[in-house]
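The values are calculated or read from the model by the stated rules, or taken from the named source; none is laboratory data. Remember, predicted model here, so these are calculated numbers, not experimental data. Every residue, glycine among them, receives a Cβ derived from its backbone with ideal geometry; neighbour counts consider all protein chains shown.
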Amino acid sequence: MEVHHHSHHPKKWKEYITEFLMLFLAVTLGFLAENLREEQIIAHQTESVIAQLRLELMQDTAQLTGIKNARAKSDSAVGFISYFIKTNQLEKNKETFYLLHNYVCYRTGMFESGCIALEQLKFTGLLKNIKNESLRHAIELYNISLKNIENRMLRENNFMDKYVDELKTVPFDISKNFGENLEYLNTEKGRTVSEVDLFCNNSSIHVRLLPTFIPDQLELKSFNKQEYLNTLFKLNGIRNSTQDRQSDLAYTRAVDLIKNIEAEYPNTLKTQH
């Protein structure tokens, strides 16, 4: 019986090279496609966070503008108080003084940035995907401003903790000022205000306060007026120093950062609609 053997021709070296090249090309293309997809996802994430940062910066600039106005009103309020004291008109204007005193002693104008997106950029590593040097520099500068303002706010808070909180009860007994549902309101006659125009020597300011109760029988206590004024002047000095050195600079840097974002990521403009 005759047995037939199937002969297998060995592959030529060119065939091995061709198969290797095809396999290598397939793996390379797959790798490149995966990298491209990952880059697109990261780019989308980065732009999304940048768009959120832009919106938060707009909120920060609005807050910084409001704080600047509050600082200016605080200056005027201290000026009014100083005028009343130096012209011996406290008793005559004790209700106005009472409201000015409360306004100055509030912790008004304390800046708290809402830039959560800035933290996301830093701590998720997305910041390294921003290639525009001008934009990266603007982000770094604003981040520095936020840290500087935080330090200045801490200084102001420490001063108020040490001196101003105690000052609140110096000219008046104002322990019953806050809230609208306390028992004393059932017996004490008066009114509660939260927004008022205050006048002094042909000038006026419009201020918003925490709900403040003004008793009908408002009693002015005897106190060291010069020490009182000195404390208010020091407080305003700290506030104005923060405004001049840090808050105005932060506003300028925030506006510059917004412009850089809009130039590099024009699609972020759509988020305002």
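Within the stretch 46-59, residues that are more than 13 Å from T124 (Cβ to Cβ) reach partners that are in a helix (DSSP H, G or I) and among the polar types (S, T, N, Q) with beta carbons closer than 6 Å, at six or more positions or on different chains, in the pairs A51/T268; A51/T271; R54/T268.
From the list S175, S204, S222, pick out the single residue that is of a type outside the set (A, V, I, L, M), assigned to a loop (DSSP other than H, G, I, E, B), modelled with pLDDT of 90 or more and surrounded by fewer than 16 Cβ atoms within 10 Å (Cβ to Cβ). The unique qualifying residue is S222. Is there a residue being surrounded by 16 or more Cβ atoms within 10 Å (Cβ to Cβ) and over 23 Å from V255 (Cα atoms) anywhere in the stretch 60-73? Looking for residues that are surrounded by 16 or more Cβ atoms within 10 Å (Cβ to Cβ) and over 23 Å from V255 (Cα atoms), one finds at least one in the stretch 60-73, hence yes.
A residue that is crowded, with 16+ Cβ neighbours inside 10 Å, at pLDDT below 90 and within 45 Å of the chain's Cα centre (by Cα) can be found somewhere in the stretch 26-46.
The residue that is modelled with the lowest pLDDT, among those in the stretch 117-139 that are of a type in the set (S, T, N, Q) and in a helix (DSSP H, G or I), is N129. Here the stretch 115-139 is the region considered, the condition is being of a type in the set (V, I, T) and within 20 Å of V255 (Cα to Cα), and the residue that is farthest from the chain's Cα centre (by Cα) is I130.
In a residue-by-residue description of the stretch 87-104, the property of being part of a loop (DSSP other than H, G, I, E, B), of a type in the set (F, W, Y) and modelled with pLDDT of 80 or more applies to no position. Of all the residues in the stretch 77-92, those that are over 12 Å from P171 (Cα atoms) and surrounded by 19 or more Cβ atoms within 10 Å (Cβ to Cβ) number 4.
On the stretch given as the stretch 95-107, residues that are charged (D, E, K, R) and touching a helix residue (DSSP H, G or I) at 6+ places or on another chain (Cβ under 9 Å) total 1.
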